[in-house]
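Worksheet: one structure, shown below.
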Amino acid sequence: MITQLVASGLALGSIYALLALSLVLIHKATDVVNFAQGEMAMFGTFICFALLTRAGLPLPAVLLLAAPLGVALGVVTERATMRPLQSAPPVNALIATIGLWMIFHHAAGWIWGYDPVRFPSLFSPEPVEIMGARIAQNSLGIIAVSLLVVVLLYLFFEFTRMGVAMRAASMNRRAAQLMGVDVTRTSLVAWGLASAIGVVSGLLIAPLTFLDFEMMFSVLLKAFAGAILGGFNSLPGAVIGCLVIGVLENLIAAYVSTAFKDTFAFGIIILVLMFRPQGLFTRRIAKKV
Amino acid sequence: MLEVSNLSARYGAISALNGVSLGVDSGRIVSLLGSNGAGKSTLLGCITNSVPCRMSGSIRLEGEEILGLPTDAIISRGLVLVPEGRQLFAELTVEENLRMGAYGVDRGRHWRADLDRVYRLFPRLVERRRQAAATLSGGEQQMVAIGRAMMARPRIVLLDEPSLGLAPLLVREIFNLIRDINGQSVTVLLVEQNARQALRIAHAAYVLEKGHVTASGAADELARDPHVIEAYLGEA
């Protein structure tokens with residue numbers, strides 16, 4: 001019982017982790033918290049669904065198209081709404097993302113309707129036996145996809161020219177600019193990557209919860225809780241924080257009450273901000289001047 | 001080498017530079033003196049197009065107009081700025097910081113040779129190469145900042161307050177290093193509050209006050225100028 005709960009909690013946590021990675025990516029690159037991240041993921045997932053049902057593309061083709069589609073969505077959004085605010089204070093851009101939240105939210109309802117629809121399962125529902133516990137293939141599949149995303153991101157940031165430039169710019173934007181890094185490009189890349197990862201998270205959650213224009217709200221909330229738990233400035237911290245949240249959510253729902261399934265995330269946000277605002281996993285480097 | 005003529009710059013309604021003209025000859029160390037808020041950092045920011053101000057006038061690098069070019073285009077023409085306060089990438093290692101210096105010019109070909117050259121210039125950084133930049137002392141951080149600029153193989157370096165916040169012994173060391181760099185046929189434009197040291201190593205100097213150039217000349221002549229002595233050298 002507990003093994004299943006932990007496994008499906010880790011799967012849920014992986015989905016939150018993907019969205020949290022998107023949030024932290026954009027925040028690190030631009031100092032903006034993108035409140036519309038969840039809605040953009042939902043919107044992208046709806047486009048995938050339209051490709052599947054209305055355009056009649058096969059599921060594997062849609063899955064392959066999801067990431068480039070997400071990139072396009074992010075890039076267009078950044079160009080249209082963030083670029084004009086580039087020299088304004090970050091809080092302007094932050095408020096603009098709340099506007100984007102509304103726009104994507106209602107546009108999705110308007111285009112695709114307000115009723116939840118069933119999204120086809122990506123993995124077989126048959127459980128497999130691992131170390132004596134029966135674990136849903138779905139959970140394993142979700143964890144595997146998320147792991148793949150994390151590994152790809154790691155390779156990008158460690159070994160590509162653009163990735164290294166983005167890390168440098170997130171530490172010191174002016175210095176990066178003086179090295180010849182084009183900081184408008186790094187912002188665009190961050191939005192594209194974040195949006196693509198968001199769409200992947202939407203595709204993973206849609207088969208579990210039904211596809212619905214409201215579906216990303218609680219995911220965004222948990223992603224926030226996890227990212228804050230991890231420190232909001234650390235990509236690995238956000239992943240670990242979200243896995244903790246996913247497992248906790250399952251355990252609380254099973255052993256305490258399902259009523260606290262969503263509210264406990266708020267509790268965690270408040271507790272962390274009160275007692276350890278830098279998060280649990282951010283390491284501090286002693287600084288000498 | 002570098003020719004600034006009649007350069008004006010403003011941040012919104014606030015004027016920062018008013019018709020500044022100065023020239024830096026190839027192979028020289030030219031130092032720019034002036035008190036806080038005189039516009040020294042703005043001038044360096046304008047030359048590298050890395051500050052958000054509106055500019056008019058002309059900035060020529062080896063005869064070519066560079067005013068308004070994007071920063072990376074200016075770097076690839078051989079002009080690099082070492083900003084005030086070092087501005088290192090705190091969590092990256094010394095070596096990663098240095099590699100970032102080659103970002104604008106290098107496509108992965110020459111950086112190893114350039115790295116060796118920087119380590120020869122600053123042998124102390126070799127033992128620190130795997131350490132995060134934030135854990136270094138102030139003097140070592142300044143070495144990384146200068147070394148990082150050298151990675152772009154500049155023909156001219158602009159240095160903004162390299163001695164700021166350093167112990168007197170280190171200040172001397174940094175100035176000697178600047179002279180070594182100049183000895184490798186790199187032209188230097190040096191902004192400094194420490195006018196005494198700056199004039200010691202410079203060939204020529206300019207004095208900037210409230211956005212205007214108010215004096216200029218050979219460094220040893222300026223060092224004897226009563227106004228400069230009173231305002232910047234502190235004593236007779």
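The values are calculated or read from the model by the stated rules, or taken from the named source; none is laboratory data. Everything numeric here is computed off the predicted structure, so don't read it as measured data. Glycine also receives a Cβ, built like all others from the backbone with ideal geometry; neighbour counts cover every protein chain displayed. These area figures cover heavy atoms from the full protein model, side chains too; ligands, DNA and RNA do not enter into them. Shrake-Rupley method; radii C 1.70, N 1.55, O 1.52, S 1.80 Å.
Structure summary
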| item | result |
| --- | --- |
| Distance in nm between pseudo-label sites at A:L251 and A:R185 (7 Å out along the Cβ direction from Cα) | 4.6 |
| Quarter of the Cα convex hull surface for the protein assembly as shown, i.e. its orientation-mean projected area (nm²) | 28.5 |
| Nitroxide proxy distance, nm - points 7 Å out along Cα→Cβ at A:R83 and A:Q278 | 3.8 |
| Ordering of A:54-63, A:200-209 by packing [mean C-beta count within 10 Å, highest first] | A:200-209, A:54-63 |
| Only Lys, Arg (+1) and Asp, Glu (-1) charged, at Cβ; the protein assembly as shown dipole about Cα centre in debye | 580 |
| Degrees between helix B:111-121 axis and first principal axis of chain B (Cα, 0 to 90, nearest 10) | 70 |
| Total accessible area lost when B and A pair, probe 1.4 Å, Å² to nearest 100 | 2300 |
| Leading residue at positive end of dipole, segment A:2-275 (Cβ point charges), from A:L220, A:L12, A:F264 | A:L220 |
| Rounded to whole Hz, the Karplus (6.51, -1.76, 1.60) HN-Hα couplings of segment B:60-67, x for glycine and proline | 10, 10, 6, x, 9, 5, 10, 4 |
| Taking chain B and dividing mean pair separation by its residue count, relative contact order in percent (alpha carbons under 8 Å, at least six apart) | 27 |
| Net +/- balance of residues flanking A:F210 in space, Cβ distance below 12 Å, scoring K and R +1, D and E -1 | -2 |
| Under the span-like rule (Cα at least 27 Å along the axis, Kyte-Doolittle mean at least 1.0), DSSP H helices of chain A | A:2-30, A:90-112, A:137-159, A:183-209, A:235-255 |
| Selection from B:L121, B:Q142, B:L98, by position along the positive dipole direction of segment B:88-152 (Cβ) | B:L121 |
| Mean accessible surface per residue for the protein assembly as shown, computed with a 1.4 Å probe while every protein chain stays in place, in Å² | 44 |
| Cβ-derived FRET efficiency at R0 51 Å, A:I98 paired with A:F159, nearest 0.05 | 0.90 |
| Loop trypsin sites (Lys or Arg not before Pro), segment B:106-195 (other Cβ atoms within 10 Å of the site Cβ: 12 or fewer; DSSP) | B:R107, B:R109, B:R130 |
| Placed amide H near B:L158: partners under 5 Å, 5+ positions off or other chain | B:V80, B:L81, B:V82, B:L189 |
| For segment A:56-141, size of Cβ-based charge dipole, Lys and Arg +1, Asp and Glu -1, in debye | 220 |
| Computed [θ] at 222 nm, helices only, for the protein assembly as shown once each DSSP H run of length n ≥ 4 contributes -39500 (n - 2.57) | -17500 deg cm²/dmol |
| Chain A, relative contact order [Cα under 8 Å, separation at least 6], % | 36 |
| Under 24 Å, Cα to Cα: Lys pairs in chain A, sequence gap 8 or more or different chains | 4 |
| Student exercise, segment B:88-152 dipole from Lys, Arg, Asp, Glu Cβ charges, in Debye to nearest 20 | 200 |
| Cα-based helix-to-principal-axis angle, B:168-183 vs chain B, degrees rounded to 10 | 90 |
